[in-house]
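All remarks here apply to the structure that follows.
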Amino acid sequence: MRNLKLLRTRECQASQVFGSPQGFSLRVDRGTLLISSEYGIVELDPLTQEVTNEISLTAEGFLPEDGSGRIVGIEDLPDQESVCVATATGDVILCHLNTNQLECVGSVDSGLTVMSWSPDQELVLLATGQQTLILMTREFEPIMENQIHQDDFGEGEFITVGWGKKETQFHGSAGKQAAHAKPVKEEEVAAGARKIRVWSREFVLQSTSEPVPGLEQGLAWKPSGSLVASSQDKANKHDVVFFEKNGLLHGDFTLPFQKGRVKVNELLWNSDSMVLAVWLEDLKNEINSQPKTYVQLWTTGNYHWYLKQSLHFGSSEDSRIVSLAWDPETPYRLHILCHQWLYLCYDWQWSTDRSTGEGANDSAGVAVIDGDKVLLTTFRHAVIRHSLQYGYGDKDSSTVKNGAVDGSGSKDPIGVPQLEKSYRINLSAKEERIPLWLRLVTWVQDDLFLAASQGPLPGHTSIHHLKLSSAEEACVVTSSPVTVDGDIISLSCNPKTKVVALQLSDGRVMKYLWASETPTVVPWLNSSGSAVRFPSPCMQVVQAVIGGQDTIFGLTDRCRFFINDAEAASNVTSFIIHDEFLLVTTHSHTCRCLPLKNTSLKALQAALGNASIPDNETLRKIERGSRIITIVSQDTKVILQVPRGNLETIHHRALVLAQVRKWLDGIQFKEAFECMRKLRINLNLLYDHNPKVFLDHVETFIKQVDSVNYINLFLTELKEEDFTKTMYPPLELSDAPERLKSDGKKVDLICDAMRTAMEKINAPKYCLSILTSHVKKSPPELGTALQGIRELREQSSEHTGSNSVEEALKYLLYLVDVGELYDHSLGTYDFDLVLMVAEKSQKDPKEYLPFLNQLKKMEHNYQRYSIDKHLKRYPKALGHLSKCGPEHFPELLNLVKDQSLYKEALKLYPPDTQEFKAISDAYGEYLIQKHLAEEAGLIFFRCGAFQKALDAFQISGNWKQVLCAAAELHYTEDKLASLARTIAGKCIEKRKFGDAAVLLEQYAKDYEEAILILLEGTAWEEALRLIYKYNRADIVETNVKPALLEAQRNHLAFLETHKVTFSRHQKRLSVVRKLKEQARNELQDLEAPHGPESDLFSDASSMVTASEASSKYSHSNSRISARSSKNRRKAERKKHSLKEGSPLEDVALLEALGEIVQSIDSLKGEVHSLLKYLVLFGYDGQAQELQQAFQETLHSVEHSLPEIWSPALQPFPASPVLGPSSTANSITAAYNQQKWTTPAVQDPELFIPPKLNRSIQWKLSLLQ
């Protein structure tokens, strides 16, 4: 879908040159031409139009002085700074261009007809007058000489796979006579037939084609090496034919001329094998004595050959072509040399001629030139290649030259364009001498075109205004108001602003003020006020307005993409501007769609230059090598063409969502719904885009969609997820509409709103959709849906368009599982509805009919109880069963016990009933089983079961409630005292000495036992209170004082033991740490085997790092994780072993030291109480001794804490310290420090020093 656009034309005609040109070679490094004539070689500079060098070949006798000599080949050799020339007399001459010295490197007596060099200039082939071929190296050393005409086929000769004799083989359409035909010899082939022979670089014959009648002399090997092109004059047409390297024919196309009118002089492929140039010439006859010459440019696409350009040279002698050649470095540059030393240079480039209209009426047309036809495809209607063809002019000779597409698009989107009028441009004789004098035709107004041509001076360009006249002669009025210093290679017009941008060959971008009274050209300025200049010339230039400023985009043939003068990307293969988006295809086989609305140039350049792949809707994968052809305006179609020529339509997600959002903003729900349904966009976006607008226009949505199936589809796709935050987030935060604040669920909200609107519009019509709205809610309202079906059944069928009950039920079965719907229908207690559902399902009547018949025979409440129990709706079943009378209470109690419905059951009966007590009794037993004895006691106590309440409270340990229950049971004093002693014993076991003393004193009436219990529990204060309450001072001497002294001795022994243990552990910890530090230092020095030079160490080395050594123990115990918690605790204790030499001995010592500190600190309150009563009874010495010992122990412990739990012991973070200021050395040091200092344990609290309670004032000032 591309055309060859002419970028520029260069014209040069040398003057005062003797002789006539015969051929030329390009001197690419200098940009000059080496032209051969009958007298020598002339070097011509096209830029200055001057002859820079002349080399005569007549002075030394290589060419005759009478002008009859002929040069058959000329080749520039840039590495030798010389040119190789072959004459018809057989001389091969090397001309040194710097010194103009001539060197004859070889001579052939029989003369030469052709000299041809290989593309890499390593080999040269000469054809002699004796029909031989000579192959030589670049140093002109002969390799081999072969005859052109040979009998052998070559190394690639085909293998015959037939069998038997020729007389017995099948000969197809040739008939039986072919079996007796004699082989045709080469000399017997009809006149005019030719063969094509292919040799290898070693000059070995590879293949020979069959004799081809009418094969002409033109021969061109495709640079890609796949085909050889030639021409063939057939019986009724003139074709260009292609041969494979094995000599077989491979395709052809017909030249657009009548039989016998032209001959093909030469065929030439350009360097990238994309364009085939055919040089043709009219045959001389009596009528046509002055033949014309033509150069046609052919391209192929999808196995069809297109005639893209045809250069018509006149019949005058000075315009007749002498030679032509493609540029070896610039693929689409064609050089042509004519008689009278006229040199023409044409630069071509691919372009896509598409309509640029932005309205809905634009047909998205793309025009393709094919000879005298314009092939037009309107992609808005169908994606078909060349759906319309329009012929113009004489089909035998005329070819479409240039094309311009109007920006307004077609006015009638479905009408077929018709040719209304044609206009003729009158050119002068000088202008007509040069084919394609006008180029870059651009449509700016309905009656005005702009075009460019070569200016009056070299390197200048004239801009022409082509005004369509309104007169009957239908001519074009031309004017040239402006001449630009430079070669214009592109003209682009913004269809919106009508701004025209010019691009010069040096990359400068100019703005052409064509609408002013005096048209002028001014530099194109960017936002900073500087002139815009592309770093490289761009082949495609497009304008757009970004941020209120005219911006120019350019794409080079090297895939460099520029925005103004800044390179935004270097991998763009094609691009196009569509409404508010920029679409680009890249070498990574993706199509990116970037928004232009509410963006800046910097943001756009940053998005294009970002190497990371964006994870949003702007990116889409495409087929390798695809390029953008066009985009349908106000639609979602993007037309791509793959390298093989096929057209593909994609709907880019960004374009689709942008268009859907526009439709939703415009309350065009139908268009949005159909697009989303077709392109598989989640329909939740209809609501999530703007919930408030959707809820306000629910009726409009239903009326526009107007399809029950579509509404059902929308309802079934609803999800609680907000798709504007997950799947389809807006590209710009400013584009996000204000969210609707609602406490309800999204799906329920939509279903309720839709159902209300449908019931208001036409409930019978939208019956199925109403059912869907019930089913889709969370939880599903299946009962309400079934109720609706029951109401529908009760209604008469007089309403037109109403759904039948069977259809509604069938649809409901499609939405809901049949078993679930059957259960819900059974839960309505409507047996007719149950039968309808069962009949529509695939249930066996033998399964449900007996069950339904049995239910019908039951009493009403018991029937509902049975149904609810069957449906496992036990709370409802319990309610129905409670109404069935006392005779069913045992069944109710069993149901309560089976389903643990005690709370629900208690609500069904008054507290003073026997049923309430029975249920409470069962509830209490249930709570006791659940180890909730205290709550069970409350239930028992409330229902009057005081004995069970007493037992429950006794189990829970609540002795006060036990005594309350005993009071309710009217216990005697002896029985109550016995109960109190029993409870007191349990309290003593739990070390609740105060509670036990209260029970013994107040309820067992045994104050002496109570005093002894208090002394045992060191409750000195409470014990003295009871002693003096009952006036038993003798107990002080017999029990209190001995108990105080015993407690003092025990505390001293305890402190001494812990002090010794603490000191021993502390010393051992210091030793262990020193040993580990020494081992770490040694291992750190030997860690090199794990570093970059690990290959220098033995693989059998047994050295390991400290981290590896510390992890051995944990690895060996990895299997313990699957054991019980008891075993895991045992393993933990084993892991933290105090045994000397254990892997984690230091951790175990820390743990033991922490426990000692905590146990000593916890004695402060107890020691304080003991000191007071030692002083009270005159034991000052013992009290002072205890206080001194305790104070020394605390001081020793507090002094040792910083040494044991040093700051360096604190656990390090999981990762090394990183940041912008970090270096490689600092990160390595932090990592090593972490590795060598952090123990491999899972208890980080062990490394935190224990906190001492300093708020307790335990010392007595009396003893200081």
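The values are calculated or read from the model by the stated rules, or taken from the named source; none is laboratory data. All values reported here derive from a predicted model rather than from experimental measurement. Here Cβ is always computed from backbone atoms with ideal geometry, including for glycine, and neighbour counts include all displayed protein chains. Keep in mind that these areas ignore ligands, DNA and RNA; they rest on the heavy atoms of the full protein, side chains included. Shrake-Rupley method; radii C 1.70, N 1.55, O 1.52, S 1.80 Å.
So which lysines can K1259 reach, going by Cα to Cα under 20 Å and dropping same-chain residues fewer than 8 places off?
K1059, K1164, K1172, K1251
Could you state the number of Å between the C-alpha centres of the stretch 305-354 and the stretch 1176-1192?
For the stretch 1176-1192 versus the stretch 305-354, the Cα centre distance is 122 Å.
Summing Lys, Arg as +1 and Asp, Glu as -1, what charge do residues with Cβ under 12 Å from the Cβ of T630 carry, T630 excluded?
+2
Between [x] 239; [y] 336; [z] 395, which entry matches volume of the Cα convex hull per residue in Å³ as derived from the coordinates of this structure?
Label of the calculated value: [z].
Calculated from DSSP H runs of 4 or more alone, at -39500 (n - 2.57) each and per residue, what is the 222 nm mean residue ellipticity of the chain, nearest 500?
It comes out at -10000 deg cm²/dmol, rounded to the nearest 500.
Whose amide H sits under 5 Å from the amide H of T573, counting only residues 5 or more places off or on another chain, with H placed in the peptide plane?
Residues meeting the criterion, in which the H sits 1.01 Å from N, are T585, T586, H587.
Within the set K5/K621; K872/K903; K670/K692; K903/K948; K662/K692; K195/K234, which residue pairs have Cα atoms separated by over 21 Å?
Violating the 21 Å Cα-Cα cut-off are K5/K621.
Of I143, I196, which has the most accessible area with a 1.4 Å probe, and how do the rest follow in descending order?
Largest accessible area first, the list is I143, I196.
What is the Cα centroid distance between the stretch 913-984 and the stretch 201-221, reported in whole angstrom?
117
Within 10 Å, at most 11 other Cβ atoms, and a DSSP state outside H, G, I, E, B define an exposed site. Report the longest part of the chain free of exposed chymotrypsin sites (Phe, Trp or Tyr not before Pro).
Excluding the exposed sites themselves, the longest stretch runs over 304-1264.
Measuring with a 1.4 Å probe in the full set of protein chains, what accessible area per residue, in whole Å², belongs to the chain?
52
Provide the solvent-accessible area of R677, counting protein heavy atoms only and rolling a 1.4 Å probe, rounded to the nearest 10 Å².
120
With all protein chains present, how much of the accessible area of the stretch 1005-1079 (probe radius 1.4 Å) comes from carbon and sulfur, to the nearest whole percent?
For the stretch 1005-1079, the apolar C and S fraction of the accessible surface comes to 54 percent.
Enumerate the calculated ³J(HN,Hα) couplings along the stretch 542-556 in order (Karplus 6.51 cos²θ - 1.76 cosθ + 1.60, θ = phi - 60°), each rounded to whole Hz, writing x wherever the residue is Gly or Pro.
Residue by residue, the stretch 542-556 yields 9, 9, 7, 9, 10, x, x, 10, 5, 10, 10, 10, x, 10, 8 Hz.
Once you have a ≥ b ≥ c as the square roots of the Cα gyration tensor eigenvalues for the stretch 905-970, tell me rounded if a/c is under 1.5, and otherwise prolate or oblate according to whether a/b is larger than b/c.
Oblate.
Amide H neighbours of G218 under 5 Å, at least 5 residues apart or on other chains, H built in the peptide plane: list them.
S231
Can you pull the percent of the stretch 531-662's accessible area that's carbon plus sulfur, 1.4 Å probe, other chains left in place?
With neighbouring chains kept in place, the figure for the stretch 531-662 is 46 percent.
I143's amide H: which non-local residues (gap 5+, or another chain) put their own amide H closer than 5 Å, with H modeled 1.01 Å from N in plane and none for Pro or chain starts?
Those qualifying (amide H under 5 Å, at least 5 residues apart or on another chain) are L135, M136, T137.
Could you work out what % of the accessible surface of the stretch 687-728 is carbon and sulfur, using a 1.4 angstrom probe and leaving DNA, RNA and ligands out of the count?
The nonpolar share, carbon plus sulfur, comes to 50 percent.
Roughly speaking, what is the centre-to-centre gap between the stretch 1017-1085 and the stretch 251-270 when only Cα atoms are used, to the nearest Å?
Each part reduced to its Cα centre gives a spacing of 117 Å.
For the stretch 269-281, in order, what is each residue's ³J(HN,Hα) by Karplus, 6.51 cos²θ - 1.76 cosθ + 1.60 with θ = phi - 60°, in whole Hz (x at glycine and Pro)?
With coefficients 6.51, -1.76 and 1.60, one gets 8, 6, 5, 9, 6, 9, 10, 10, 8, 10, 9, 10, 8 Hz.
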